[in-house]
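Single-structure report; data block below.
The values are calculated or read from the model by the stated rules, or taken from the named source; none is laboratory data. All values reported here derive from a predicted model rather than from experimental measurement. Every residue, glycine among them, receives a Cβ derived from its backbone with ideal geometry; neighbour counts consider all protein chains shown.
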Amino acid sequence: MAYDPAGKPSIVDLSTWEAARDELLVREKAHTREGDAIAAARRRLPMVEFDGTVEVVGADGPVPFLDLFQGRQELVVYKHMWHDGAPHQGQCEGCTYEAWNLRDAVYLNARGVSFVILTTGRWDEVAPFVEFMGYTQPWYSVRDLPAPVGDSMGHLTCYLRDGDRTFLTYSTTGRGNEPANGSFGLLDMTPYGRGETWEDNPDGWPEGRHACWYWRLDVDGNADWGPTSRPAPQWTRPGATPEKTLGRH
């Protein structure tokens, strides 16, 4: 199919559009079925037992990891990266993106699954950040704790509880985290996608930018990774003002 050299989809009548849409739908359905098959294989992974009495630190002080299940059998966590000593605007943009998309776990809870956010930051630094961002999900510091509770951040990780026994069942990172970020899926449905250089676009499409280029904004709402920008949702927080530095070392 030909494309408008001005960087827009070609204009056709409705029946032609429907035929092209139906052709793509065949591939979309195959993609969905393959995703179902992968999920079935994921449910068949083995699991690793670990000490559920190890203590993490949250708003109520140290608590055993078992408490994070909140009485439920399953637990999903996001492991939020942390830059020690950095101000709010200097924390991880990608983790901010993830956590902002995971602010409400009501449907997980209804299915018997709890959700929390873990980070290696010291609790005295983490608590003001959580308050500033307005997060309502439970946060806990896992500083200096080994895997599979602490260790590598930037992961979505799943756990299972059997009485007082706890098990690691699954973990993913990178683009494996995308199911938690609804914005990605919606952008992938639009004509210009995510606007990133790696995407396969027709000739004439707007030139892509680096991955995740829109995750930080300046005070005027322009996508910018400069020293005075913030992760996009931070501009909705009370008292957010332009910054002179990201505050990272």
- Query: Does TYR135 satisfy the criteria of being within 18 Å of the chain's Cα centre (by Cα) and either part of a loop (DSSP other than H, G, I, E, B) or at pLDDT below 95 (or both)?
  - Reply: yes
- Is it fair to say PHE129 is farther than 24 Å from THR53 by Cβ, crowded, with 18+ Cβ neighbours inside 10 Å and at pLDDT 95 or above? yes
- Message: Of everything in region 152-168, what is in a strand (DSSP E or B) and more than 19 Å from the chain's Cα centre (by Cα)? Give them in sequence order.
- Response: LEU160, ARG161, ASP162, ARG165, THR166, PHE167, LEU168
- Message: So the check is Cβ under 7 Å with 6+ separation or different chains; which pairs have a first residue in region 10-22 that's loosely packed, with under 10 Cβ neighbours inside 10 Å and a second one that's of a type in the set (S, T, N, Q)?
- Response: none
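Looking at GLY85, GLY52, which one is loosely packed, with under 13 Cβ neighbours inside 10 Å and touching a residue at least 24 places away in the same chain (Cβ under 8 Å)?
On the way: GLY52 fails: loosely packed, with under 13 Cβ neighbours inside 10 Å.
When all the criteria are applied, what remains is GLY85.
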- Only one of (1) touching an Asp or Glu at 6+ places or on another chain (Cβ under 9 Å); (2) among the small types (Gly, Ala, Ser); (3) not in a loop (DSSP other than H, G, I, E, B) fails for GLY94. Which number is that? (1)
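Looking only at region 185-210, which residues are of a type outside the set (D, E, K, R) and either within 19 Å of ARG248 (Cβ to Cβ) or exposed (fewer than 13 other Cβ atoms within 10 Å of the Cβ) (or both)?
First, the residues of region 185-210 that are of a type outside the set (D, E, K, R): 185-187, 189-193, 195, 197-198, 201-202, 204-206, 208, 210.
Scanning region 185-210 gives GLY185, LEU186, MET189, THR190, PRO191, THR197, TRP198, GLY204, PRO206, HIS210.
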